[in-house]
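Each value in this text was obtained by applying a stated rule to the coordinates, not by laboratory testing. Treat the numbers as computed from the prediction; the structure is a model and nothing was measured. Every residue, glycine among them, receives a Cβ derived from its backbone with ideal geometry; neighbour counts consider all protein chains shown.
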Amino acid sequence: MKRVYVNEERCLGCHLCEYWCAYANSGEKDIMTAFKLGKDATPRINVEDDGDVHFAVQCRHCDDTPCVKACITGALSCNDGVVEINRDKCVGCYTCVLTCPYGCIVIDKKNGGKTVTKCELCTDNSNGEPVCVRECINGAIVFEER
Amino acid sequence: MNYVIIGNSAAAIGAIEGIRAYDKDGSVTLISDEKYFTYSRPLISYWLKNSVTDENMKYRDPDFYEKNNVTTMLGETVTAISANEKTVTTASGKTIAFDKLLCATGSKPFVPKTEGYEKVKNVFTFMKFDDAKAIKEVLTADSKVLIVGAGLIGLKAAEAVHEYTENITVIDLADRILSSILDEDAAKIMQTHISDKGVTFKLGTSVKVFSENSAELQNGETVDFDILIMAVGVRPNTELVSAAGGKVNRGIITDKTQLVDGLKDIYAAGDCTESIDITTGDSKILALLPNAFLQGEVAGKNMAGNLCYYVNAIPMNAIGFFGLHIITAGSYTGDTYVVTDGENYKKLITKDDKLVGFILMGDVDRAGIYTSLIKEHIALSECNFDLLKDKPLMAAFSKIRRNKKLAESH
């Protein structure tokens, strides 16, 4: 199955993927509305910087899905290899935050932390393919079979 | 193959998913004394405070039993297991044969014997959907609610009840709240936070004697109430397995495949069992939903003939009260590193070059990276521990480990 992988050596630490991710998932047409007009869109990808080391991390869509198995409500599920969240069922208990070994379940600060959010490989927005991969300017995030 | 499952919560559902991963054809019968479609027990407090609907109480999609070809016997109580005959019998007189049986019977509230307890009319426990429904029936804006027990269940009850009335008193014998998961300093922060919402705490004391609408405490105080919620603790439902000849200490004892010690073809999973806590090596009851699900899943896979082990259990909790969140994991004996600003609290506990436990309150972002350090036994000398002290980051891992985690096939 195609998954997102990180090419750490190629990451410049520009954080553009975070903006593209948040914008794509904000539901807003205008990037100004998504970020500057009080919307504060939440990215589901997170670029870590430590000196010269930079890399982006988002849901790995693991085979063993520790977050899905830990979810107390059934809000998280794995469908055709994509780990998805049903925000209507999420109560924001953060058991998935406790169990995700990559720190990839994002507390949705936009709604006061009432639910979590996460990468669904852009299957849940109009892009249909990971926008972080498409917009990465240096091939530091790839979507492929390995 | 003929599978029978007693129970209908996380461990039972894990078992069904485990069985069906390997056996699409075998017959699965699920027996539960509750009449409900599988629901999430931890959600009863959310339901009581009206933030979860009846429909969203469901732990799986409404077509779960059909999709997994499960025959349900809901509202049916199992009264005995015959290990020799390989049958279970129910209170209504039915006998059901099994090839493989899972006992996922969970736990029940523990109510200590207290003088005058029988005089109290409006008394409840807080574990099942029916408990929350019964409380909702009587709860009004004028209710005076006494909760005995300042643990996870008692405080979740307090949070829910607070949606109706602020007249809430919580009593605990321990001198701090949440004593099973928090240290003294973290407990103080949370206690202040909950007290600020109007909840009154009486700690380090217990009820000496009840009358119909008041409790006289050991410290001499009297608390008036019209609703009493008992949340002192829980006890595992082990009687069926014990009577069938299975080994029981505090909880049911199983091997790593969840097979009950001393029995053949009878498995157990969830809050009725003990697990080995890898941070201490002790066998204990880890009454946590994720643990129950994982045990159930391993049991189901083994019942379906696919050998696998459940070996990586740790105590862990993610819970919030009135918007302040806690994530904890592991054990708390070792060297400690603490940072707090009076609202957020972080404690990391290390031992023999390993992270063995942590307490996070307030800022809990990416806590699972800490959990992975514990569960994967990663040596801290291999990591940048200074980074980890600041916050959980993948950057703290060695480049080799990071590449393995982020760039290799998984």
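Structure notes:
- As a rough footprinting exposure proxy, the listed residues B:THR280, B:THR371, B:THR53 were ranked by other beta carbons within 10 Å of their own, and the order from fewest upward is B:THR53, B:THR280, B:THR371.
- Charge tally in the Cβ shell below 14 Å around B:PRO392, where Lys, Arg are +1 and Asp, Glu are -1, B:PRO392 excluded: +1
- Separation in nanometres of the label points that stand 7 Å from Cα toward Cβ, at A:ASP124 and B:LYS391: 2.2 nm
- Between B:SER195, B:SER107, B:SER45, the residue with the greatest mean-square fluctuation in the GNM of chain B (Cα pairs under 10 Å linked by springs) is B:SER195.
- Amide H to amide H distances under 5 Å link A:LEU76 with A:ASN86, where only residues 5 or more positions off or on other chains count and H is placed in the peptide plane.
- All lysines inside 26 Å of A:LYS29 as judged from Cα atoms, apart from same-chain residues fewer than 8 positions distant: A:LYS39, A:LYS109, A:LYS110, A:LYS114, A:LYS118
- Residues in the stretch A:128-133 carry Karplus couplings, in order, of x, 9, x, 5, 5, 5 Hz; the curve used is 6.51 cos²θ - 1.76 cosθ + 1.60 with θ = phi - 60°, and Gly or Pro positions show x.
- A simple rule links phi to the HN-Hα coupling: the Karplus curve 6.51 cos²θ - 1.76 cosθ + 1.60 with θ = phi - 60°, which for the stretch B:312-321 gives 10, 7, 9, x, 7, 9, 10, 7, x, 10 Hz, with x for Gly and Pro.
- Cα centre as origin, Lys/Arg/Asp/Glu Cβ charges: chain B dipole, Debye: 840 debye
- Label-point gap, in nm, between A:ASP49 and B:THR87 - each point 7 angstrom along Cα→Cβ: 7.2 nm
- Our compactness index for chain B, the C-alpha radius of gyration over the empirical 2.2 N^0.38 Å, is 1.04.
- Separation of alpha-carbon centers, the stretch B:196-264 and the stretch A:96-146, rounded to whole Å: 41 Å
- Around B:LYS188: net Lys/Arg minus Asp/Glu count, Cβ-Cβ under 12 Å: -4
- Note on chain A: with a GNM built from Cα contacts shorter than 10 Å, the maximum mean-square fluctuation among A:PRO43, A:PRO101, A:PRO130 falls on A:PRO101.
- Contact order normalised by residue count of chain B, Cα under 8 Å, 6+ apart, percent: 16 percent
- Pair B:PHE322, B:THR95: separation of 7 Å Cα→Cβ label points (nm): 5.7 nm
- Shape category assigned to the stretch B:176-312 from the gyration tensor of Cα positions, a/c cut at 1.5: prolate
- Each 10 Å bin, from zero up to the one with the longest distance, holds this percent of the alpha carbon pairs of the stretch B:28-84: 21, 42, 28, 8, 1.
- Cross-link table A:LYS69/B:LYS351; A:LYS69/B:LYS256; B:LYS375/B:LYS405; A:LYS36/A:LYS89; A:LYS89/B:LYS67; B:LYS351/B:LYS389, entries beyond 24 Å C-alpha to C-alpha: A:LYS69/B:LYS351; A:LYS36/A:LYS89
- Close amide-amide hydrogen proximity is noted between B:SER214 and B:PHE225, each under 5 Å apart and 5 or more residues distant or on a separate chain (H modeled in the peptide plane; Pro and chain starts excluded).
- Overall form of the stretch B:295-406 per C-alpha gyration tensor (a/c, 1.5; a/b vs b/c): oblate
- Based on DSSP H segments of at least four residues, each scored -39500 (n - 2.57), chain B has a per-residue ellipticity at 222 nm of -6500 deg cm²/dmol.
- Cβ-Cβ distance of B:ALA80 and B:THR257, R₀ of 30 Å, FRET efficiency by 1/(1 + (r/R0)^6): the value works out to about 0.80.
- Global form of the stretch A:1-63, assessed from the alpha-carbon gyration tensor, a/c cut-off 1.5: oblate
- Within the shell of other residues whose beta carbon sits under 13 angstrom from the beta carbon of B:ASP335, the net charge comes to +2, with Lys and Arg scored +1 and Asp and Glu -1.
- Per-residue Cβ neighbour rank within 10 angstrom, fewest leading, B:LYS247, B:LYS405: B:LYS247, B:LYS405
- Altogether, the Stokes-Einstein calculation at 10 °C and 1.306 mPa s, with the Kirkwood radius of the protein assembly as shown over Cα pairs as Rh, returns a diffusion coefficient of 64 µm²/s.
- Simple Cβ-charge dipole of the protein assembly as shown, Lys/Arg +1 and Asp/Glu -1, about Cα centre, in debye nearest 20: 520 debye
- Across the stretch B:1-135, the mean sequence separation of Cα contacts (distance under 8 Å, 6 or more residues apart), normalised by length, yields a relative contact order of 31 percent.
- Computed helical MRE - 222 nm, chain A, DSSP H runs ≥ 4 contributing -39500 (n - 2.57), nearest 500: -5000 deg cm²/dmol
- Residue-averaged beta-carbon neighbours from other chains (10 angstrom radius) around B:360-368: 6
- For A:CYS104, A:CYS90, order by how many other beta-carbon atoms lie within 10 Å, fewest first: A:CYS90, A:CYS104
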